[in-house]
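In what follows, a structure is listed as C-alpha cells, so that the remarks can point back to it.
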Amino acid sequence: MRASDIRNYTDEELKKLLDEKKRQLMELRFQLAMGQLRNTSLIEETKRDIARIKTILRERELGVRR
C-alpha cells in the first residue's frame, strides 16, 4: 500500500484500516508461531503499512501539508 493511496482516505477510514492491519499482523504472527505462514515477508509489509497509516494520521493531526 502506497502513501499516496493512503492519503486519499478520510481520518475515520484510516482508523478502521489501522485496526484491520493490526488484527492482520496479529493473525500473521500467530500463523508464524504455529508454523503455517509460508510468506514471512507479509509481516514486514503489514508493519510498514501500519507505520504509514500512523504517520499520515499524525501529519493530519499536526496540520502538515504534503
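Remarks
- The chain: angle of helix 11-34 to the longest principal axis, Cα-based, in degrees nearest 10: 20
- Our estimate of slack between ALA33 and LYS15, defined as 0.36 nm per intervening residue step minus the Cα-Cα distance, is 3.8 nm.
- A simple rule links phi to the HN-Hα coupling: the Karplus curve 6.51 cos²θ - 1.76 cosθ + 1.60 with θ = phi - 60°, which for region 36-42 gives 9, 8, 8, 9, 6, 5, 5 Hz, with x for Gly and Pro.
- At 1.002 mPa s and 20 °C, Stokes D of the chain from Kirkwood alpha-carbon radius, µm² per second: 169
- Computed about its Cα centre, the charge dipole of region 3-61 is approximately 200 debye, with only Lys, Arg, Asp and Glu carrying charge at their Cβ.
- Residue-averaged [θ]222 nm for the chain, counting only DSSP H segments that reach four residues, each worth -39500 (n - 2.57): -25500 deg cm²/dmol
- Sorted by Cβ neighbour density within 10 Å, fewest at the top, the residues LEU57, LEU14: LEU57, LEU14
Each reported figure results from applying straightforward, stated rules to the coordinates on display, with no laboratory input. Since we're looking at a predicted model, the values are computed, not measured. Cβ sites come from the backbone with ideal geometry, for glycine too, and all protein chains shown count toward neighbours.
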